[in-house]
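Rule-based calculations on the coordinates, nothing more; no lab input. Only a predicted model underlies this, so the values are computations on that prediction, with no experimental measurement involved. A quick note on method: Cβ atoms are made from the backbone with ideal geometry, for glycine too, and the neighbour counts reach across all protein chains shown.
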Amino acid sequence: MYLADSRRQARPSADAAPALAPGRPARTTATRIAPTVLALGTVSLITDVSSEMVTAVLPLYLVTALGVSPLGFGVLDGVFNGASATLRLLGGLLGDRAGGHHKTVATLGYGLSALCRPALLLVRTAPLIGLVLAVDRVGKGLRTAPRDAMISLATPPERRGRAFGVHRAMDTAGALTGPLLAFLVLRGAPGGFHAVFTVSSYVAALGVLVLVLLVPGRGLRPAAAPTARPRAHGLLRLPALRRTTACAALLGLATVSDSFLYLLLQRRLELPLAWFPLLPLGTAAVYLTLAVPLGVLADRIGRRRMFVLGHGALLAAYGLLLARPGGGPSTTATATAGTVLLLHGLFYAATDGVLAAVAAGSVPEHRQGAGLALVGTGQAAGRFACSLAVGALWSRWGDTAALAVMTAALTTAVAAAAALLRPAFGRPSPDRQESEDS
């Protein structure tokens, strides 16, 4: 296996670092981020500015302007996110077909989402808006796995944690910018939701243009892709991928959605309602700061270890919330809220891009799209089921009972994942990272 991995690493990708020139220090090449990764990060940054502009105002628009109930919006959003998780696998399989068409499928996904922005200017009823949102989720589901496959194929195996960390940091920068830009647009045109949708449309079109012009396609295809049509069920025969998918799904079953976590934070600490829109920005700021350092650290100590430790940070956030049944003094509540958001951002920085790097190392190059999609689908399906469970528990017994059950579930899941992945924890060195993930 080690010889096979060595041969695979020896094949240069389109963005592999060039040979060192005489007198050029080795550190320059060792820390280089592939141009494809930076280009895809730029696309994700721009697209997230567009999508988060809409996400920041859409609930208010539906509830105040169209009269949709918050419960109705929550159900629609949950169903569409579940559909997006299923479509990830389709996007990965389509990208892997015929030697790899990852850029084509990713462009289709980004294009569908971009078309949904101006469509919001034309529809006026909740059912039609729901249809537009569904198409947007289809685009998101199709593009995720091919995009991550391109990042993986453009990066040497031993530096994938760093590469995914850089991409996720750029993506999060867009997630931070979008709500702030929407706030500025609404401040200049109070009640002008259509102004937000218009600006978002132009930004989304720019993201697609950057993808088409700056991201290479042909050079990223595997050198020796088989002609057989890729199938998802065959991937589960790979032991490493099977373990990774099982752990991602298991931990996803105990991962409370961001919306529920922020709602728990606001209610249990009795934070002012005006603070609620700012809570996601706290998580995103920590994520943006730590995504690259933790990606580099994961390359050194082992990505699976980092993935499990990241869920330990989330477990600490649960425990901190559970230990605070009431608001208490405002300064104490503020400090607790800041600590929870710090742990939440740390959780994402240690798991999001790291999981993609683990999955990329668990499958052959010609199956990157489908392998990444399979792991992502398992995780998203687990989180969707968790959201349904938390909602049911909260409605029946209250937020304390729901949080207590999720804390116990996550404790069990972290212990089970650590035991399942224990064989991989003994090989953290960078030169064997690809072997660790295979």
Order of 201, 257 - criterion: other Cβ atoms within 10 Å of each residue's Cβ, fewest first: 257, 201
Space enclosed by the convex hull of the alpha-carbon atoms of the range 235-438, per residue, Å³: 112 Å³
Rough spin-label spacing in nm, given labels placed 7 Å along Cα→Cβ, for residue 194 and residue 180: 2.9 nm
Two-site FRET efficiency, residue 104 against residue 237, from Cβ-Cβ distance with R₀ of 30 Å, rounded to 0.05: 0.65
Segment residue 323-residue 405, extension gain: residue separation times 0.36 nm, minus the distance between their alpha carbons: 28.1 nm
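Multiply the residue gap between residue 281 and residue 134 by 0.36 nm, knock off their C-alpha separation, and tell me the result in nm, one decimal place.
Values: separation 147, 0.36 × 147 = 52.92 nm, distance 2.53 nm.
My answer for the length gained is 50.4 nm.
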Charge dipole (the range 235-438, unit charges on Cβ, about Cα centre) - positive-most of 323, 413, 394: 413
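In which sequence would 311, 344, 167 go, from the one with the fewest C-beta neighbours within 10 Å to the one with the most? Display every interim value, and only then the final one.
Numbers: 311 22, 344 26, 167 30.
So the ranking, lowest neighbour count to highest, is 311, 344, 167.
How much length, in nm to one decimal, is gained on full extension between residue 339 and residue 301, taken as 0.36 nm per residue of separation minus their Cα-Cα distance?
Details: separation 38, 0.36 × 38 = 13.68 nm, distance 2.53 nm.
Between residue 339 and residue 301, full extension yields an extra 11.2 nm.
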About the Cα centre, charge dipole magnitude for the range 235-438 (Lys/Arg +1, Asp/Glu -1 at Cβ), debye: 440 debye
Label-point gap, in nm, between residue 420 and residue 331 - each point 7 angstrom along Cα→Cβ: 4.5 nm
Sorted by Cβ density within 10 Å, fewest first, the residues 33, 301, 46: 301, 33, 46
Amide N of the range 98-141 lying under 20 Å from the label point, which is placed 7 angstrom from the Cα of residue 65 along Cα→Cβ: 113-137
Burial order of peptide ranges 371-380, 151-160 (average beta-carbon count within 10 Å, highest first): 371-380, 151-160
Simple label model, 7 Å out from Cα along Cβ direction - residue 266 to residue 126, nm: 2.0 nm
Farthest toward positive dipole pole in the range 235-438 [+1 Lys/Arg, -1 Asp/Glu at C-beta], among 357, 384, 250: 250
